[in-house]
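A.B. asks: Structure in structure tokens, see below.
The values are calculated or read from the model by the stated rules, or taken from the named source; none is laboratory data. Computed from a prediction, not measured in an experiment: that's the story for all the values here. Here Cβ is always computed from backbone atoms with ideal geometry, including for glycine, and neighbour counts include all displayed protein chains. Just so you know, the surface numbers come from the protein's heavy atoms only, side chains and all, with ligands and any DNA or RNA stripped out. Shrake-Rupley method; radii C 1.70, N 1.55, O 1.52, S 1.80 Å.
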Amino acid sequence: MKRFTFLAIISLFLISGLSAEEENPIKFKIEKSSPSVYLLKVTYPENFGVQKEAPHRILLNAGSGLKVVSADLKLKGKVSTRKKEYFESVEPMQVKLEGKGELEIHAKIFYCDYNRNICIPGKILQKEIIQ
């Protein structure tokens, strides 16, 4: 009986761990605007919103050959019609880069899934190649 209870508890932790590792719907997309200026866009599905007043964190780490000159990484955007405390869409953020190489984006973005009525802090690690 003790063994069955132990296995049940372990199974419960494994199942909850797998559901906690669901894919994050928040993604970044970087597009070149001019020779050294890029736009960092936050993308997510229609049934999601990004919290307006949350301690979002976005860090950019440049690899060798690339330098982050400046970056305005504050989230601004259109207010959601569903819930006023969320952005319906986030405006692109301007990033100035010099050189070529790999750019790592580390972020913690607080978002809400309207269909499931849950709000989650999404951790994002994304790598982009700057040419």
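A.B. asks: If we scan segment 118-128, do we find a residue that is open to solvent by 40 Å² or more (accessible area, probe 1.4 Å), closer than 17 Å to residue 48 by Cα, over 12 Å from the mean Cα position of the chain (by Cα) and not aromatic (Phe, Trp, Tyr)?
C.D. replies: Within segment 118-128, one or more residues are open to solvent by 40 Å² or more (accessible area, probe 1.4 Å), closer than 17 Å to residue 48 by Cα, over 12 Å from the mean Cα position of the chain (by Cα) and not aromatic (Phe, Trp, Tyr).
A.B. asks: All but one of (1) aliphatic (A, V, I, L, M); (2) exposed (fewer than 12 other Cβ atoms within 10 Å of the Cβ); (3) in contact with a His (Cβ under 7 Å, 6 or more places away or on another chain); (4) farther than 21 Å from residue 23 by Cα hold for residue 75; state the number of the condition that does not hold.
C.D. replies: Of (1) aliphatic (A, V, I, L, M); (2) exposed (fewer than 12 other Cβ atoms within 10 Å of the Cβ); (3) in contact with a His (Cβ under 7 Å, 6 or more places away or on another chain); (4) farther than 21 Å from residue 23 by Cα, only one is false for residue 75: (2).
A.B. asks: Also: For segment 20-38, give me the residue count where each residue is out of contact with any Asp or Glu (no Cβ under 8 Å at 6 or more places or on another chain), within 14 Å of residue 69 (Cβ to Cβ), open to solvent by less than 70 Å² (accessible area, probe 1.4 Å) and at pLDDT below 95.
C.D. replies: 1
A.B. asks: Related question: From (1) modelled with pLDDT under 90; (2) open to solvent by less than 80 Å² (accessible area, probe 1.4 Å), pick out the condition that doesn't hold for residue 82.
C.D. replies: So the condition that residue 82 fails would be (2).
A.B. asks: Let me ask another. Of the numbered conditions (1) open to solvent by 40 Å² or more (accessible area, probe 1.4 Å); (2) within 17 Å of residue 121 (Cα to Cα); (3) touching an Asp or Glu at 6+ places or on another chain (Cβ under 9 Å); (4) at pLDDT 95 or above, residue 56 fails exactly one; give the number of that condition.
C.D. replies: (3)
A.B. asks: When you scan segment 63-131 for strands (runs of 3 or more DSSP E) that lie fully inside it, which ones turn up with 2 or more residues that are touching a strand residue (DSSP E or B) at 6+ places or on another chain (Cβ under 6 Å) and in contact (Cβ under 8 Å) with a residue 60 or more places away in the chain?
C.D. replies: Once the strands (runs of 3 or more DSSP E) in segment 63-131 are filtered for at least 2 residues that are touching a strand residue (DSSP E or B) at 6+ places or on another chain (Cβ under 6 Å) and in contact (Cβ under 8 Å) with a residue 60 or more places away in the chain, what remains is 93-99, 101-113, 118-130.
A.B. asks: What's the total number of residues in segment 51-62 that are within 15 Å of the chain's Cα centre (by Cα) and not in a strand (DSSP E or B)?
C.D. replies: Counting residues in segment 51-62 that are within 15 Å of the chain's Cα centre (by Cα) and not in a strand (DSSP E or B) gives 4.
A.B. asks: Right, something else. Give the residue, chosen from 98, 102, 88, that is of a type in the set (Asp, Glu), closer than 16 Å to residue 47 by Cβ and open to solvent by 70 Å² or more (accessible area, probe 1.4 Å).
C.D. replies: Within the list 98, 102, 88, the selection yields 88.
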